[in-house]
Amino acid sequence: MDQTVSATRRRTTREESDGQPISADSFEALTRGITRSVERVIDGKPDAVRTALITLLAEGHLLIEDVPGVGKTVLARALAASVDASVHRIQFTPDLLPGDITGVSVFNPVAREFEFKRGAVFANIVIADEINRSSPKTQSALLEAMEEHQVTVDGSTHVLPDPFLVVATQNPLEMEGTYALPEAQRDRFMMRISMGYPDAAAEALMLRQRDTINPLESVEPVVTASRVRDLIAWARAVHVAPSLEEYTVALAHATRTHPDLRLGASPRATLQLIRAAKVRAALDGRGFVIPDDLTALLAPVFAHRLIPTRAAAGGRSGAEAVAAALAQIAASVRVPLAVRT
């Protein structure tokens, strides 16, 4: 009975807060609440949690790549559970069809016409689990949805819910049964992160806490989908000086001319770096972007879009070659010392 009353009270509080305009204090309180909610499930990974929140509020999509069992899906599910919105999870397998994602037209014999049956992509938050275990044909079903927030089936366009976020997980390509995501698909993701193994203390704590209970079951929504839209609008209003816009373009241009890279960052990557930097500034309590916002997000936003030359890779992995190139770019591109208004 007490749990029911408590849940009702929390829901009423969220509904009442939806009618209030966003302020700096409410933005900080709501985003802190989301972060704490996710961190109750994800131990010792504050950077991953913060990146996921930045992606949500920057209207991007997140790709989490790492070995099995390090919490990729748990992070996605914890973020989804912290938002009172529609959530669908898609387990990508070799036999998954594009229609399972986007939906299909089915003939209704009573009405004597075709009806569109929505697929799993019609949700505010879509968890695409092990996305690279499906064929490229199935992976491509997300291309239009991720970029244009709509799907087209049999010539008819269907708009997706707002906000719309895809959190995809994938296993390393050297693992059995994986298909490499094409460049066009990777470019749809705003950021890519790796979870990494937890430290010894966090792993020991996980053993003690999760022996009898699943922490995901205790996660309750902190904000509604409507409130998330308000948070997005607040972050979008963060100021970016013209000199920092020029600095961002210079960073992107440097990736396209770097001798160790055969594919540089796209204009979409430039735009998404600015959007992510705005959210980072807002989370730090600032109404303006600084160069550190851009350089801190350079690797998560750019790295998965870049392809090194064979000569640059040499005996290293492609990820190492890209990381080295980005470090050179960050060090060589001149940082604006003063902003112009």
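For the reader, a short list of remarks on this structure follows.
- Extreme residue, modelled with the lowest pLDDT, among residues of segment 50-69 that are open to solvent by less than 20 Å² (accessible area, probe 1.4 Å) and either among the charged types (D, E, K, R) or more than 16 Å from Ala235 (Cα to Cα) (or both): Ile64
Quick grid of which residues meet (1) closer than 23 Å to Ala29 by Cα; (2) in contact with a Ser or Thr (Cβ under 8 Å, 6 or more places away or on another chain); (3) surrounded by 18 or more Cβ atoms within 10 Å (Cβ to Cβ):
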| site | (1), (2), (3) |
| --- | --- |
| Ala233 | yes, no, no |
| Gly264 | no, yes, yes |
| Gln272 | no, no, yes |
| Ala324 | no, no, no |
| Leu337 | no, no, no |
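- Some residue of segment 150-160 being surrounded by 14 or more Cβ atoms within 10 Å (Cβ to Cβ), in contact (Cβ under 8 Å) with a residue 40 or more places away in the chain and either assigned to a loop (DSSP other than H, G, I, E, B) or among the acidic types (Asp, Glu) (or both): no
- Every residue from segment 212-231 that is open to solvent by 70 Å² or more (accessible area, probe 1.4 Å) and of a type in the set (Asp, Glu): Glu217, Glu220
- Search result, residues across segment 245-262 that are of a type in the set (A, V, I, L, M, F, W, C) and either modelled with pLDDT of 95 or more or open to solvent by 40 Å² or more (accessible area, probe 1.4 Å) (or both): Val249, Ala250, Leu251, Ala252, Ala254
- Members of segment 72-97 that are without any contact (Cβ under 8 Å) to a residue 40 or more places away in the chain and surrounded by fewer than 22 Cβ atoms within 10 Å (Cβ to Cβ): His88, Gln91, Asp95
The values are calculated or read from the model by the stated rules, or taken from the named source; none is laboratory data. Computed from a predicted structure; not experimentally measured. As a convention, Cβ positions derive from the backbone with ideal geometry for all residues, glycine included, and neighbour counts pool all protein chains shown. For accessibility, only protein heavy atoms count, side chains too; no ligands or nucleic acids. Shrake-Rupley method; radii C 1.70, N 1.55, O 1.52, S 1.80 Å.
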